[in-house]
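Here's the structure, in structure tokens; my notes come after.
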Amino acid sequence: MLSRTLQAADTISSIFAPVSTPAAAEAGLARVVLWLSAVVFVVVGGLIAYSVVRFRAPAGEPGSEPPQVYGSAQVEAAWTAVPLIIILVLMLATARVIHEVQAAPQPPNAVEVTVVGKQWWWEIRYPKLGVITANELHVPVSDSTDRRPTFLTLEATDVAHSFWVPRVAGKTDLIPNRTTHMWVEPYRAGTYLGACAEYCGTQHTLMLLRIVAEPPEQFARWVEQQRQAAAPAPADPGAAAGRQIFLGTICSSCHAVSGTLAISRTGPDLTHLMSRQTIGSGVAPNTRERLRAWVRNPHDLKRGVLMPPMQIDDKYEDQLVDYLLTLR
Ligand code: CUA
């Protein structure tokens, strides 16, 4: 339910509405393949339909056989050559797009990102920019005069996952103990939805993903903001108490908040939690109410998630959430 309301608010994901260079090349190829297949379907289906009607047994002469034809060199040459040409065209068109996408050189000003697939969320690191976030990949919009694609290095820590944002690029698997690569180059600003496309356990369907493509200046501001450490201590006494709870209980054994002693990378980095649109890898909008429900029992929103319910009193829960709300 929750994820459905979120989806509805955003643009529909379709491979036929590409907004990025590799996705556009792939959508073009998909169209060629579909049109050629449609022509083959209509011709073959049409001939069959025509033969069935035209050469049906005449009434009154049941059991009579039509004339039998053997060995027509012309007909056999035609049904060998035509499919061969069709397959050849499809093969060349496909090889060209694969080359265009997989052999694209990385320009020096490309943004480099490492995406790590985990059950059931995405860790997103910008090693050269010193940024670590989760589930929402920010990239600059590229334009033809100043191309700025983003090159992704994909890894997995537990099982295989697959990175797929249909309007931005085709799928690429994330495989444990192996590194794979892909790139994206959105040329239109916007938020594009995606999902894990390789079955990876209970919450595979809620391992959602979004790419936020923004103009270069806005992307630079986002990076600058993400690089900041969290404020030392909130002024609000409730939030300050929440900070103590966060650092003194199990929260900090899985999550990191930069500038504090919480440095674990088991769960998502929460330093700038409130700058994200969603929580739980896209299961719910990032609001106070949802955040509180998540802290109380994440399994209500995402059954099977590896985070345990907090099981603390309402008052402490409120303080903890007040603290999380300060992580901007
Ligand atoms: Cu991760 Cu399916």
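The values are calculated or read from the model by the stated rules, or taken from the named source; none is laboratory data. Quick caveat: nothing in here was measured; it's all calculated off a predicted structure. Ideal geometry is used to build each Cβ from the backbone, glycine not excepted, and the neighbour counts take in all protein chains shown. Only protein heavy atoms, including side chains, enter the accessible area calculation; ligands, DNA and RNA are left aside. Shrake-Rupley method; radii C 1.70, N 1.55, O 1.52, S 1.80 Å.
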I'd like the residue in the range 113-129 that is more than 16 Å from the ligand (Cβ to nearest atom) and part of a strand (DSSP E or B) and, out of all such residues, is most open to solvent (accessible area, probe 1.4 Å).
ARG125
Confirm whether MET307 is open to solvent by 20 Å² or more (accessible area, probe 1.4 Å), of a type in the set (A, V, I, L, M) and under 22 Å from ILE211 (Cα atoms).
no
Scan LEU84, LEU90 and give me the residue that is part of a helix (DSSP H, G or I), open to solvent by 90 Å² or more (accessible area, probe 1.4 Å) and farther than 30 Å from THR133 by Cα.
LEU84
Any strands (runs of 3 or more DSSP E) falling wholly within the range 153-239 and containing at least 3 residues that are within 16 Å of the ligand (Cβ to nearest atom) and without any contact (Cβ under 8 Å) to a residue 60 or more places away in the chain:
161-165, 169-174
Quick one: ILE132 ticks every box in (1) outside any helix (DSSP H, G or I); (2) in contact with a helix residue (DSSP H, G or I) (Cβ under 9 Å, 6 or more places away or on another chain); (3) closer than 30 Å to HIS299 by Cβ; (4) open to solvent by less than 30 Å² (accessible area, probe 1.4 Å) except a single one, so which number is it?
(4)
State which residue pairs qualify: first residue under 14 Å from THR202 (Cβ atoms) and inside the range 294-320, second residue buried (at least 17 other Cβ atoms within 10 Å of the Cβ) and among the aromatic types (Phe, Trp, Tyr) in any location, beta carbons under 6 Å apart, and separation of 6 or more residues or different chains.
LEU301/TRP294
Condition (residue is surrounded by 11 or more Cβ atoms within 10 Å (Cβ to Cβ) and within 16 Å of the ligand (Cβ to nearest atom)) applied to the range 97-106: is it met by at least one residue?
no
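Conditions tested, residue by residue: (1) of a type outside the set (Ser, Thr, Tyr); (2) modelled with pLDDT of 95 or more.
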{"site": "GLN74", "(1), (2)": "yes, no"}
{"site": "ALA81", "(1), (2)": "yes, yes"}
{"site": "THR94", "(1), (2)": "no, yes"}
{"site": "THR114", "(1), (2)": "no, yes"}
{"site": "ILE124", "(1), (2)": "yes, yes"}
{"site": "THR133", "(1), (2)": "no, yes"}
{"site": "GLU136", "(1), (2)": "yes, yes"}
{"site": "VAL141", "(1), (2)": "yes, yes"}
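Give me a count of the residues in the range 136-152 that are assigned to a loop (DSSP other than H, G, I, E, B), open to solvent by 20 Å² or more (accessible area, probe 1.4 Å) and in contact (Cβ under 8 Å) with a residue 12 or more places away in the chain.
Count: 4.
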Does the range 282-310 hold any residues that are more than 19 Å from HIS272 (Cβ to Cβ) and polar (S, T, N, Q), and which are they?
ASN297
